[in-house]
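Student: Before I ask anything, let me first share the structure, which is written out below as structure tokens.
The values are calculated or read from the model by the stated rules, or taken from the named source; none is laboratory data. Not measured: the values here are computed from a predicted model. Because the Cβ atoms are built from the backbone with ideal geometry, glycine has one as well, and the counts that use them run over all protein chains shown.
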């Protein structure tokens, strides 16, 4: 995978496959400390301690359509190659938390990719999941929880064309605001 957003999509897809109905994704660019931290946490079925230990093995997967699961091992290797690390915390019946950290300025760190498109894809592609996002860069932060927008829609599908356009443009504008060197912090629950 060439972008970190593709890893986020892969981990989020695993969360959905594990029966999660709530997934939280946090992307924190701390330029003062030269760190990029990504965390994905879900309330899915979780994994046993043995599974967590073996999950970094590229030949371990719970998927039946292919025998090799490369997402986590590749992400772990990418992080460690950039003076970082990856950790997995999981409890059966409670969910999983995957955290990965990179030295932000490391020459070999892959780019984040298009965060707005990634978040839009998750919200609109799996509307039955409660998605919670936090995108932070230094002191600026964008927070989003799709529960409030779903309530405000009052039964209108989040996948209606007008709603899709609104969500996509909202993500693009909000994330651009966080990533710009100018502007105020933006907190939102819709």
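Student: Taking the stretch 13-25, which residues are crowded, with 17+ Cβ neighbours inside 10 Å and within 13 Å of the chain's Cα centre (by Cα)?
Tutor: Passing the criteria: 14, 15, 16, 23, 24, 25.
Student: Which of the residues belonging to the stretch 122-144 are under 16 Å from residue 20 (Cβ atoms) and either assigned to a strand (DSSP E or B) or touching a residue at least 40 places away in the same chain (Cβ under 8 Å) (or both)?
Tutor: Selection gives 122, 123, 126, 128, 129, 130, 131, 132, 133.
Student: Can you report the number of residues in the stretch 69-82 which are buried (at least 16 other Cβ atoms within 10 Å of the Cβ), part of a loop (DSSP other than H, G, I, E, B) and at pLDDT 95 or above?
Tutor: 1
Student: Could you check how many residues of the stretch 38-61 are assigned to a loop (DSSP other than H, G, I, E, B) and either touching a helix residue (DSSP H, G or I) at 6+ places or on another chain (Cβ under 7 Å) or at pLDDT 55 or above (or both)?
Tutor: 12
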